[in-house]
Each structure stands twice: as C-alpha cells, then as structure tokens.
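The values are calculated or read from the model by the stated rules, or taken from the named source; none is laboratory data. Just so it is clear, the model here is predicted, and its values are computed rather than measured. So basically every Cβ, Gly included, is an ideal-geometry build from the backbone, and we count neighbours across all protein chains shown.
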Amino acid sequence: MIRLNKFLKTSFMMIGTCLLIFLAVILQKENAFADSSDKTYVYDMAGIYSDDEIEYLSEECQNASERVEIDFVITTTADTGYKGYVEYADDFMDDNGLGYEDDGRCDQSCVMLLLDFDNQQVYIDTTGFAILCIEDDDIEDILDDVFEYIPERDYYNAAFVFINKTYDVIVENKASYADEYLAQWKNFDGTYEEFEDEYVNITHNIFYNLKKPYVSLGISLLTAFVVTLIMGSGSKAKMTADRRTYLNRSNVRMHLMTDQYLRTTTTRHKINTGSSGGGHHGGSHHSSHGGHSHGGGGRHM
Amino acid sequence: MEVKSYICPSCGSTMQFDVVEQKMVCMHCGTKMEVHEAEQKYESVNQVNSSAGDSTNHNDDGNTYNGIHNNISNGMNGLYDGNNEGSYDRTTFKVYRCGGCGAEILTDDYTAATFCSFCGRPSLMEDRLAGALMPQYVIPFKIKKEDAEEIYRKWVKKGKFTPSILKTQATIDKITGMYVPFWLYDFDAQIYINASCTRVKRHISGNYEIVDTDHFAVMRQMEAEFDRIPADASEKMPDDMMDKLEPFMYQDMVKFEMPYLSGYYSERYNYNSQEMQPRVEKRVWQYIDQTGMETITAKHYTTVNVVQKNIQMRNIRASYALLPVWILNYTYNGVTRMFTLNGQTGKIVADKPISKGKAAGWFSGITVVMFTILMLLGRFFGK
C-alpha cells in the first residue's frame, strides 16, 4: 500500500510540473500575439484612403486605443455580400478578433467605424467594455460629428473626427461611471451581456435590500410606528351623526336643477413611445451570430 | 327649600326610575308605577309630609333666593331671608334640605336632580325645572348602571396602552347617570349653487391621445329641513364629547315628567337657545352645503368649479330636552378626563389615556423583533 502511495505521489508531481511548464509556454505564446504594434487599425477594403491617410489614421487609432484600453478600428467596404451592414460589422469584428484585450477572453473591447458604400451606411459597432462606455446618445453625437464630412465625401476627416469624438466620449464616461467596473471587467471572461447582468445592472431580488442594516432598521421602525399608532388610535371617539341623521327627507324641495350642456372642446397630443430601459448605464446591445455582444448605431449616408 | 322625592305609597321609601321596567320602582319593596302616575300621586303625598313637620321653609311665590351659608347657624327657620340683599351672585350655593334625613343638600344654581350626600335619597329640585324652565322632552335611560359599568370595563380592557389605574373597582364605582340639558333645533335651510362643470372623455387614435371635454352650466336651488339637531346647553359638559354621543334615537323621546329624573343627576341649562344657536348654525351650514353639492357630484362630473354659492337658514323651533348620559370622571397624570356613554344607545365617547410607558415598550419590542426577522431574511434570501 505504501509503495502505491509513493508511486502516485511522484506521478502527480511530475505531471503537475509538466503542466506548469506547458502553461507557461502557452501563455507566453498568447502574449506574443498581444503586441499592439502588430495590430491593424484600418481595414480599407473599399480602397478610399491613400497610404498616408491609412498611416495617420492607424496612428491616431493606436494612440487612442492604448490610452483608453479599447481598440479603435476604421473599416470601409464596397460590398457586404448578402449581409446587412449590422451583420457585416458584427461578423467582421468577431472573425478578426478585434479588441484590446488579448487574453483569450470571450468578448474584447473595441469600437469600429464602418463605412459601408454598398448599403450607403455609416455604422458604429461596439464590443466589450466599449458598449458600457458608449451609450446610445453618444452614438448619435458621434455620428453627428462624423456626418459633417460625409456629404462632402471627406471620409478621411470623417474617420479622424470619429476617433477624436469617440475618444472624448469614452474618457468622459469612464470618469463618470464606467471606471467603477473596470477592475471587474479585467477579470471577467464572458459576453458583455453577462457582464452587464452580473456587475452593471445587477438585478437583485427584493430580499437583497434587507441585507443593508439601515433598510431593515428603517422598515422595522416604520412598522413599529404604524402598529403602535393603530393600537393607540382606538382611543379617539368619532362623530357619527351627519346631515343624513337630521335631514327631514319628506321635506326636501328642489326648486331648480339644471345641467345645461354648453360646448365641447377637443385637444390631441402625441403619445411618447417609451424610451429604452431607463436608469442604467451602457448602450443597448444585441448578440451577434458568433455569440458576442455588440452595441452601436448607424445612419444612412 | 323643598326637595322633591317620590315616595312609595306602599312602604314610604323612595321610588326611582328603573331602566329595565321603564317605570318608577320602589327601591325597598319593589312596587311599580307609571311615570305620570307617580307625578300625580306626588302632589297628594307631599302635602301629607309637609304638614307632618317637614323642616324646610316654604315660599309660595317661586322666586329664587340668595342662599347664604351663614344663616344655617341661626337655626332651621332662618334659612332664607325674604330680601334679596346685595348683588345676585350666580355662583352662590343654594341650600336644600333632604326630605328623608333632614341633611343639607349642597348644589349649585343649575343642579336639578341629585342625591342626598348623607342618606343617598334621590332629591329633585323642582323649581329648577319649573315653569319657563321646564324641559319639553326627555329620553329616559335605556342602559342601566350595571350594563354601563360592564361597557366601561370592556372599553378599558380593549386598549393595550390603557394605564391600569382605570381598571380598579374604586374608579368604576364612580360612574353616574346624568340627564344632560340639550337644545334641539329645527332649521329650514336653503342653498343656491351655480357651478361650471366638465366631463372629460379620452381615447387613443393611432399615435395620438384625443381628449374631449364637455362643458356644463350647472344650477341648483334647494330647500331642506334639518330637525332636532342637538347642542348641549351645559357648561360643565365638554361640547365636543356631547356632540360625539349623537345620534340619539328620538323615537324614544317622551314628554318630560319629573319622575324620570329620580335616581339620576340632572341640571338645567346654562345657556339659552339663542346663545347656543351659532354653534348649530355652523352645522346646518355644512349640512345644507353637503346636501346641495351631493346633487351635483351625483352626476359624476370630472371637474366641478363653484362659481357662486348662497346659503340661508332660518331657525324654526328650539326645544329643551334632557338626554341620558353615563359619566365617569377619572384622573390620570394629574389631568381629569371624562368617560361618557350614551345612556340610550350605548355609544362610548371617551379619549383613552395612553400610558407612554406601555406605548414605548410595544414600540421598541416590535422594532427589535422586526429588525431581527428582516435581517435574517436578508441573510438567507438576499441575492
């Protein structure tokens, strides 16, 4: 028996060490790919930019990406095939594994501007932490700025202002609310939707609130107060005689009773369709075919 | 001064009004007699007693005198001087003699029925309720003393915060039945209302909400009579408590006769019907206002905007009635409070004193228990 134990012990130790070495190598290999200088930031498949422009834009993207830890990508295309522009954008990001984090996590953080000349659409697609940092209103604001250049077909400046405006938006929102979740995001592996449900817009059940002592105390005091009040309220006597007690019913004389219809006034007003989910942070998002969460919005050129 | 007591023709003891029988019943031998019979018999019986040496001094002209305490020491004959010396002081105490034991019965100017403090004999000061001061109506007591005590006991038990002093027998024994003087007013009231009202209908059409407002010019003029609104005419009895004792069932109200008061306290009114009128006019104003407005709200308008309102009222009649009330005065925390019970309907009107200690105890207890439960719930179910 003792011999068996000894044998098992040594085997485990050997396997363990091998695994450790193996893992170290693998992780190293992963990190090798994480070198950001290898990243492509501009995918000009429509061929609208000159080499210089691509270089400048890439540099801008890289700067922005490194500063806010979210990849900025510019993509242009003249043919989306059978796909709609949203599907195209989503799949493009998923297939190319776009995003800042390179630790093999499910959803990475990236914001991409797609100039789709096939469908004549300007579309902004967000993934990962970018969905939190760029809310629906922000998308509109960014598009507003971008569209100052679209009618003139100045796609270079359109892309340029996209990077700057989006950068400003992200910086502002990170400071405002998003950075609170940054630590949790860095340790998270899963879709953004899952992240949101767990950390950002946590739906607690009602009993969760009872955990906070001041909530429980508040409720207890209120209940005690109400109960005591009810117990004590039986003490007051009330007036039970009213006009009906003394009214002589046989002697009520109605001298005049007219309800004259005068006119009708009509007003109409538009009903507001409810805005999407109030009170929580982050843009609206959906799931792509690849199973990743994507946010964003677009506008017709 | 002559004190009236109703003597049993069979045994010579006093007769009192019995609630259960609704008749006069002799306290000693149980002989029963109708109320108006007793009143008739009184005249003949009393004359017999007077000539047998009743020690009171009799004065025929029915004037009220200044009773001066010091005169008693002068001897029994000198109880009253014929002259009204000095100013008429309303707070002077009148001296009466008990027909049974001869002791003095001390009362104020308004007490009309009481008990001799020495022998307990029901004694009625007829002159206080005679002539112009005679009440027109009375509602005899329908709830007897034992029942009143029982109602009181139950009331004390009900509150969790009632101080225990109220439960003692000594306190309960102090319950007394009293006929409280009331003025009952009949009023004729008129109201005119001019209002502009709307009825609003909403419906949705596509993306729009359409609101149709129908406008109406509404007029009402009506007249109504409010009968026998009571207002207590006693200074001692708190007005708000007396009001809350209402309603009294006027079906049981009968023509006033002195014997009803035998065995109870009573007094004549402190205020006459004119003095009490403003208090009742306020109520009539509210009543006619509510009655009038009700005819408008019955039409279910969305908004009612009163443009003009005119109310007038006229006092048709004011009757003087004695209404039955069971009263218990008790002191708690240095404050004297009153427990009252409608002697006919049994309605309780009393402010229950609250023992702060007991209330605080319950409050803290509930807080602690709730807090523990909630924290445990949060601990085990919170997610």
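A Cβ distance below 7 Å, combined with a sequence gap of six or more or placement on separate chains, defines the contacts here; from segment B:211-229, residues that are within 7 Å of another protein chain (Cβ to nearest Cβ) and without any contact (Cβ under 8 Å) to a residue 12 or more places away in the chain reach residues that are surrounded by fewer than 19 Cβ atoms within 10 Å (Cβ to Cβ) and not charged (D, E, K, R) in the pairs B:VAL211/A:THR266; B:VAL211/A:THR267; B:VAL211/B:VAL200.
The listed residues are B:TYR330, B:TYR320, and the only one of them that is surrounded by 16 or more Cβ atoms within 10 Å (Cβ to Cβ), aromatic (Phe, Trp, Tyr) and touching a Lys or Arg at 6+ places or on another chain (Cβ under 8 Å) turns out to be B:TYR330.
Filtering segment B:230-243 to residues that are touching a residue at least 12 places away in the same chain (Cβ under 8 Å), over 20 Å from B:ASP289 (Cα atoms) and within 9 Å of chain A (Cβ to nearest Cβ) leaves only B:MET241. Within segment B:168-179, can one find any residue that is at pLDDT below 90, within 29 Å of B:LYS23 (Cβ to Cβ) and more than 19 Å from the chain's Cα centre (by Cα)? There is at least one residue in segment B:168-179 that is at pLDDT below 90, within 29 Å of B:LYS23 (Cβ to Cβ) and more than 19 Å from the chain's Cα centre (by Cα). Residues in segment A:164-220 that are among the acidic types (Asp, Glu) and within 14 Å of chain B (Cβ to nearest Cβ): A:ASP197, A:GLU198. Taking the numbered list (1) away from chain A (no Cβ under 14 Å); (2) over 30 Å from A:MET231 (Cβ atoms) in turn, B:GLN169 passes all entries but (2). Restricting attention to segment A:142-190, the residues being closer than 16 Å to A:VAL42 by Cα and of a type in the set (A, V, I, L, M) number 4. I'm trying to understand the selection: among the residues of segment B:328-377, which are touching a helix residue (DSSP H, G or I) at 6+ places or on another chain (Cβ under 7 Å) and modelled with pLDDT under 80? Within segment B:328-377, B:TYR332, B:ILE354 meet the criteria.
Checking the structure you have, find out if any residue of segment B:305-315 is closer than 25 Å to A:VAL227 by Cα and charged (D, E, K, R). Lay out the reasoning, then the answer.
Narrowing segment B:305-315 to residues closer than 25 Å to A:VAL227 by Cα: none.
Scanning segment B:305-315, I find no residue that is closer than 25 Å to A:VAL227 by Cα and charged (D, E, K, R), so the answer is no.
Are any residues in segment B:144-202 among the aromatic types (Phe, Trp, Tyr) and touching a Pro at 6+ places or on another chain (Cβ under 9 Å), and if so, which ones? Answer for segment B:144-202, where residues must be among the aromatic types (Phe, Trp, Tyr) and touching a Pro at 6+ places or on another chain (Cβ under 9 Å): B:PHE161, B:TYR179, B:PHE182, B:TRP183, B:TYR185. At least 3 residues being over 24 Å from the mean Cα position of the chain (by Cα) and of a type in the set (Val, Ile, Thr) is the threshold, and among the strands (runs of 3 or more DSSP E) wholly inside segment B:285-383 those reaching it are B:303-332.
Got a number for residues in segment A:109-149 being over 24 Å from A:GLU180 (Cα atoms), assigned to a strand (DSSP E or B) and among the aliphatic types (A, V, I, L, M)? Matching residues across segment A:109-149 total 5. Going by the conditions given, is B:GLY365 farther than 30 Å from B:VAL200 by Cβ and in contact (Cβ under 8 Å) with a residue 60 or more places away in the chain? Considered against the rule, which asks whether it is farther than 30 Å from B:VAL200 by Cβ and in contact (Cβ under 8 Å) with a residue 60 or more places away in the chain, B:GLY365 comes out as no.
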